[in-house]
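In what follows, a structure is listed as structure tokens, so that the remarks can point back to it.
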């Protein structure tokens, strides 16, 4: 059996890639993708520990998260569309009106 | 006759009823009652007079009455050891005498008001009669009060009535201002009085004047405390003697305010803004007497405190002279009378301070009659002169108003202390008592005697200056040429009081008693009856004074009477010399700057106004500035700081998603590092 | 059940009036507000409790039901009245009714909401004065602020937003401080509920344990200070008073009446219930007693001096409230039957008289549209009855005997003078008593300048007499004031009965 450390390292790596994308990209679509990566990093952890403990709860939550991610993408794409309609761009740093 | 005392509360309640009727009439706004509501007032005071005379008759029969009739807040305080706040009625020789005085003068003033107010076509009469009714009720309540708290409460209520009646003509600028001043100045005195009432309760656990055998009143308790028979609670680390003096002086504050003694006398001359009958009733005969009456009422308490007595005597003597000198230069009839009133109450205070309890009471009685007479006479003149009060515009009224003139003359002779009018006897007795007690080892009283003696010619001078200017000589204005005639309702009260002012001295012919040995000092015997702790001989036992005579007693009596009568005649003669001429001139102008000083009342009003306007008001404004600037400033500063820091800190919210993401990441990292360090995973 | 009925009916009335049309919301609100008046008077007539509700006395009209259990503490619906709270209940209902009538003339927008909020506030006030469970009490206590905030903020004067926010934030922060102080006590007591009697009795049995290094005595002192500071804002005591004049000046007349008449009494009521009943051993420490007595004297004199400097009639009355509430504090700290009894009586008396004064000033304002002393004179000429009542009320405020204010102040002075708790009690008492001179000063000056003299007021309309329904509440209040002054035992007997155990704890006398 593959020890859980490997999964954790993989998840951490995927998560870091996601964070990196979030911090460096301005494109809203890339943003969304980065968020998906981070979500899936968490999913990997859930599944890995579920497998490690022999408990299906984690896998169940993994499925939940996928469904959630799908919904999130739908909402996210919607937001991006609205963003584009309002700012004629999908650059997230342009849309800075939600402040003081 | 035991049953008669059951009607004692009715003496107070009858005028109160007339007050309620008058208020009802005033509220209705219609002319519901004939004579503007005067009739209920006359009926009520008449009824009270009848009852008072009945009380006096019962007292003459040797009966007295002291009953608690209403528990205001009695027994409401558990474990308070009898701190009972009650209303009660005390009828003894002193209060019976005062009841008769007050009801009689109230009745006469009500009748006089028919002429002064109704016939003059004044408006707002129900309000006027309501004020008179409430005043009479409160004053009578004060007179019959059987404890100090009740006395204080009615003392304050008469102050309210005084305020309302002085300010009766509220549409003019003067009366409201005078009313305010009267209430405020007396309130200042009452502050001390209230502290005194509280202190008496705290000290003795009771404020009854008489009490019962087992629970005596506070004057008796004070006496017992000094003999070590009773333990009074004293405060502030003072011994009983010193503490009783403090309490006595506190109560005296109220007396000085109400009886218009120096330095709180300034309100009384201003109070002359009120209608003249009000001046006669309130500011001459009754309310102003309340202070003196209060001292007489609790004389047993003052008698055990030589210091308090000395203060009373000196304040009184000084006021007698001080106020008299101001009366010399006044131009207005009522002003002269006002200063004269202050001066005469000074005499009474002098007498009380000098151990002359009977003399003070006697002067209270005679003064009530002759000063009410003088005020009503002045009212009659003012009415005739169409409300011109300046004596320099009068003159020659003698022939046109004979009833007024002769009654006024009787009052003036009494005031000046000319034999055999009432004032002579009472004033002579005051001076005599002061002199013999002063000689008996209290040199301080000799100073008081000197003040009192000096005031005699002054009194006679200003009194007859007033008489000559008003009634003698030639008329100096058209109004004086053809004065408005007055009716029976003015003349009647004048005649009654004129007779009384002439003969009232007969109630206590003390000098005659000394000379002939006949028992003609009736008032002395009268006041020697009743509750044993409230009798004259008891007071003489406990007061700190001894008597000594120049030569013998007879010699002293004759000498004293001769000196005071001589001085009075001197003042009268001077007034005759200067003013009993067809065309008098203001001789007082020769006094030069002294006249200015006197006319401006020694700048007493100025310094009090200065205190109010230049000291208290700026202090209040400074407090306001402090409050708005510093205290409210601090409150607003807290909110400003919050708002300002908020406005700075919110700049973190840039609105750029990437920044938020960076912050979240940084925060997460920082959290991990902290946990790492704390958990020992790192380092 | 009568208390539930009282509170329930008032809430229901609030709801009904909210939904009623504006035209007759005022009349409807008045009619409905008579129900709690009748209820409270009925409670007064049938009152049979003895002793203090918090100290094992019997409680009248008590209901005690378990409601929730949170973290091992029972939260109860626990209401009832004793001799201290019943007079305040009666005061709240009577004053609310009269305030509603006094709103008929000045309130001309959103009437149904206004009257609804007034009734909502009344219901919560009744809750404050009857609740005997801390949690329940605190809910009502805080809920009073909400209608008040809107009443000032919506119907107020030009600076209403400032005043409303200041009022709300200030008193709310104070509540927080008080809440922390009280919770620090409760969590260190072996009690199973927030019932005030249980907490009081546990505290007095000395069952308080220490807390994070504080011994029980220090913890009590800290809690006392926190609660005192919290309630001091509500009372208000100098220097926490500055929200009051602002709130009064901006609030419409009926709201001022409620604010001065009842809301301030919440502070003193709570001080009496919490600080002075629960922690007498802290209050009677010489230093604490001296500080509180000094604060009371400063409130009296300083408040009166501030009133002297004001030109706005409402501000004058507002600052004089600060002064009058100083007397209450003095009476409370005296720890004598007359002192605390007088303080409680003063809560009622001041409620009536300050209500009367605010209403009378409001009636004049309805006509003149100005409250500045310099803008008018001789109002007595045009509004004789109103002015007559105002003058009577002003004299009541000055402590004229046979009116409620005198009785209350006299009891307080008498109680404080002989207090064994305040060091040098006679000096503190005498100093605070000087307030009766200053109060006469500013009221007489203001009256002379506005009411008397020749009539003058710059208006472009005819100045007419006030409506009957403007003057009637004034007359009712005046009569109540006189009745209480002539016969203080209407309330004073039950008050002293409830005070006695409090005083007995410290061994105070009369």
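The values are calculated or read from the model by the stated rules, or taken from the named source; none is laboratory data. Small disclaimer: the values here were computed from a predicted structure and weren't measured. Cβ coordinates were reconstructed from backbone atoms using ideal geometry, including for glycine residues, and neighbour counts include every protein chain displayed.
Restricting attention to region A:1-16, which residues are surrounded by 15 or more Cβ atoms within 10 Å (Cβ to Cβ) and either within 14 Å of chain B (Cβ to nearest Cβ) or under 18 Å from residue A:91 (Cβ atoms) (or both)?
The one that is surrounded by 15 or more Cβ atoms within 10 Å (Cβ to Cβ) and either within 14 Å of chain B (Cβ to nearest Cβ) or under 18 Å from residue A:91 (Cβ atoms) (or both): A:15.
Can you tell which of B:641, B:594, B:635 is within 9 Å of another protein chain (Cβ to nearest Cβ) and either assigned to a helix (DSSP H, G or I) or under 40 Å from the mean Cα position of the chain (by Cα) (or both)?
Testing whether each residue is within 9 Å of another protein chain (Cβ to nearest Cβ) and either assigned to a helix (DSSP H, G or I) or under 40 Å from the mean Cα position of the chain (by Cα) (or both) leaves just B:635.
Looking at region B:657-671, I want the residues that are closer than 14 Å to residue A:35 by Cα and have a partner that is modelled with pLDDT of 90 or more and in a helix (DSSP H, G or I) with Cβ atoms under 6 Å, at least 6 apart or on another chain. Which pairs are those?
B:665/A:19
Return yes or no: is residue C:437 at pLDDT 90 or above, at the interface with chain B (Cβ under 7 Å from one of its Cβ atoms) and surrounded by fewer than 20 Cβ atoms within 10 Å (Cβ to Cβ)?
yes
So, in region B:32-63, exactly how many residues are over 17 Å from residue B:89 (Cα atoms) and in contact with a strand residue (DSSP E or B) (Cβ under 8 Å, 6 or more places away or on another chain)?
0
Quick check: anything in region C:370-379 assigned to a helix (DSSP H, G or I), touching a residue at least 24 places away in the same chain (Cβ under 8 Å) and within 14 Å of chain B (Cβ to nearest Cβ)?
Yes, region C:370-379 contains a residue that is assigned to a helix (DSSP H, G or I), touching a residue at least 24 places away in the same chain (Cβ under 8 Å) and within 14 Å of chain B (Cβ to nearest Cβ).
Just name the residue that is nearest to the other protein chains (Cβ to nearest Cβ) out of those in region B:146-165 that are over 13 Å from the mean Cα position of the chain (by Cα) and either surrounded by fewer than 24 Cβ atoms within 10 Å (Cβ to Cβ) or under 18 Å from residue C:403 (Cβ atoms) (or both).
B:153
Would you list the helices (runs of 4 or more DSSP H) that sit entirely within region B:270-369 and hold 3 or more residues that are in contact (Cβ under 8 Å) with a residue 24 or more places away in the chain, touching a helix residue (DSSP H, G or I) at 6+ places or on another chain (Cβ under 8 Å) and surrounded by fewer than 24 Cβ atoms within 10 Å (Cβ to Cβ)? Before you say what the answer is, go through the steps one by one.
Details: elements: B:276-280, B:287-297, B:299-303, B:306-327, B:333-353.
Of the helices (runs of 4 or more DSSP H) lying wholly inside region B:270-369, those with at least 3 residues that are in contact (Cβ under 8 Å) with a residue 24 or more places away in the chain, touching a helix residue (DSSP H, G or I) at 6+ places or on another chain (Cβ under 8 Å) and surrounded by fewer than 24 Cβ atoms within 10 Å (Cβ to Cβ) span B:306-327.
Could you tell me how many of the residues in region C:410-434 are within 9 Å of chain B (Cβ to nearest Cβ) and either within 18 Å of residue C:487 (Cα to Cα) or not in a loop (DSSP other than H, G, I, E, B) (or both)?
Going through region C:410-434, the residues within 9 Å of chain B (Cβ to nearest Cβ) turn out to be C:410-411, C:413-418, C:424-427, C:429-430, C:433-434.
Still in the list and also either within 18 Å of residue C:487 (Cα to Cα) or not in a loop (DSSP other than H, G, I, E, B) (or both): C:410-411, C:413-417, C:425-427, C:429-430, C:433.
Looking only at that region, the number is 13.
Go through region B:166-221 and give me each residue that's part of a loop (DSSP other than H, G, I, E, B) and more than 9 Å from chain C (Cβ to nearest Cβ). So that I can check it myself, show each step before the final result.
From region B:166-221, those part of a loop (DSSP other than H, G, I, E, B) are B:167-173, B:205-207, B:209-210, B:212-215, B:217; that's our starting set.
Selection gives B:168, B:169, B:206, B:207, B:209, B:210, B:212, B:213, B:214, B:215, B:217.
Just to be sure before I move on: is residue C:312 modelled with pLDDT of 90 or more and touching a strand residue (DSSP E or B) at 6+ places or on another chain (Cβ under 8 Å) in the structure I sent?
yes
Suppose we keep only residues that are under 19 Å from residue B:50 (Cβ atoms) and surrounded by fewer than 19 Cβ atoms within 10 Å (Cβ to Cβ) within region B:17-39. Which one would you say is modelled with the lowest pLDDT?
B:39
Applying the selection to region B:233-247, what residues are farther than 19 Å from residue B:193 by Cβ and either within 14 Å of chain C (Cβ to nearest Cβ) or in contact (Cβ under 8 Å) with a residue 60 or more places away in the chain (or both)?
Answer for region B:233-247, where residues must be farther than 19 Å from residue B:193 by Cβ and either within 14 Å of chain C (Cβ to nearest Cβ) or in contact (Cβ under 8 Å) with a residue 60 or more places away in the chain (or both): B:233, B:234, B:237, B:238, B:241, B:242.
I'd like the full set of residues that are more than 9 Å from every other protein chain (Cβ to nearest Cβ), part of a helix (DSSP H, G or I) and more than 24 Å from the chain's Cα centre (by Cα), limited to region C:450-479. Give the steps one after another, and end with the answer.
In the first step, residues of region C:450-479 are kept if they are more than 9 Å from every other protein chain (Cβ to nearest Cβ); the result is C:450, C:456-479.
When the remaining residues are screened for being part of a helix (DSSP H, G or I), the result is C:450, C:468-479.
Passing the criteria: C:450, C:468, C:469.
Mind checking which residues of region B:226-241 are assigned to a helix (DSSP H, G or I) and under 18 Å from residue C:417 (Cβ atoms)?
Listed by number, the list holds a single entry, B:240.
Run down C:496, C:420 and say which single residue is surrounded by 15 or more Cβ atoms within 10 Å (Cβ to Cβ), more than 26 Å from residue C:355 (Cα to Cα) and either modelled with pLDDT under 90 or more than 26 Å from the chain's Cα centre (by Cα) (or both).
Of C:496, C:420, the one residue that is surrounded by 15 or more Cβ atoms within 10 Å (Cβ to Cβ), more than 26 Å from residue C:355 (Cα to Cα) and either modelled with pLDDT under 90 or more than 26 Å from the chain's Cα centre (by Cα) (or both) is C:420.
Is it the case, given these coordinates, that residue C:362 is in a helix (DSSP H, G or I), more than 10 Å from every other protein chain (Cβ to nearest Cβ) and under 15 Å from the mean Cα position of the chain (by Cα)?
The answer is no for residue C:362.
Residue by residue through region A:83-100, note down the ones that are surrounded by 13 or more Cβ atoms within 10 Å (Cβ to Cβ) and either in contact with a helix residue (DSSP H, G or I) (Cβ under 9 Å, 6 or more places away or on another chain) or facing chain B (nearest Cβ under 10 Å) (or both).
Across region A:83-100, the qualifying residues are A:83, A:84, A:89, A:90, A:91, A:92, A:93, A:94, A:95, A:96.
If only one of A:58, A:62, A:21 is surrounded by 17 or more Cβ atoms within 10 Å (Cβ to Cβ), within 11 Å of the chain's Cα centre (by Cα) and farther than 30 Å from residue B:648 by Cβ, which one is it? Give the steps one after another, and end with the answer.
Numbers: A:58 fails: within 11 Å of the chain's Cα centre (by Cα); A:62 fails: within 11 Å of the chain's Cα centre (by Cα).
When all the criteria are applied, what remains is A:21.
Counting only residues that are within 12 Å of chain B (Cβ to nearest Cβ) and surrounded by fewer than 21 Cβ atoms within 10 Å (Cβ to Cβ), which one in region C:270-316 is farthest from residue C:179 (Cα to Cα)?
Residue satisfying both the conditions and the ranking: C:311.
So if I check each of C:394, C:349, which one is assigned to a helix (DSSP H, G or I), touching a helix residue (DSSP H, G or I) at 6+ places or on another chain (Cβ under 8 Å), in the same structural domain as residue C:296 (by TED's automatic domain parsing) and free of Cβ contacts under 8 Å to residues at least 60 places away in the same chain?
Details: C:349 fails: free of Cβ contacts under 8 Å to residues at least 60 places away in the same chain.
Result: C:394 is the single residue among C:394, C:349 that is assigned to a helix (DSSP H, G or I), touching a helix residue (DSSP H, G or I) at 6+ places or on another chain (Cβ under 8 Å), in the same structural domain as residue C:296 (by TED's automatic domain parsing) and free of Cβ contacts under 8 Å to residues at least 60 places away in the same chain.
For the structure I just gave you, tell me whether residue B:99 is modelled with pLDDT of 85 or more and part of a helix (DSSP H, G or I).
Against the criterion (modelled with pLDDT of 85 or more and part of a helix (DSSP H, G or I)), residue B:99 qualifies.
Identify, from the list B:90, B:94, the residue that is modelled with pLDDT of 85 or more, farther than 28 Å from residue B:384 by Cβ and not in a helix (DSSP H, G or I).
Numbers: B:94 fails: not in a helix (DSSP H, G or I).
Answer to the selection: B:90.
Yes or no: region A:47-63 includes at least one residue that is closer than 22 Å to residue B:662 by Cα, touching a helix residue (DSSP H, G or I) at 6+ places or on another chain (Cβ under 7 Å) and more than 11 Å from every other protein chain (Cβ to nearest Cβ).
No, region A:47-63 contains no residue that is closer than 22 Å to residue B:662 by Cα, touching a helix residue (DSSP H, G or I) at 6+ places or on another chain (Cβ under 7 Å) and more than 11 Å from every other protein chain (Cβ to nearest Cβ).
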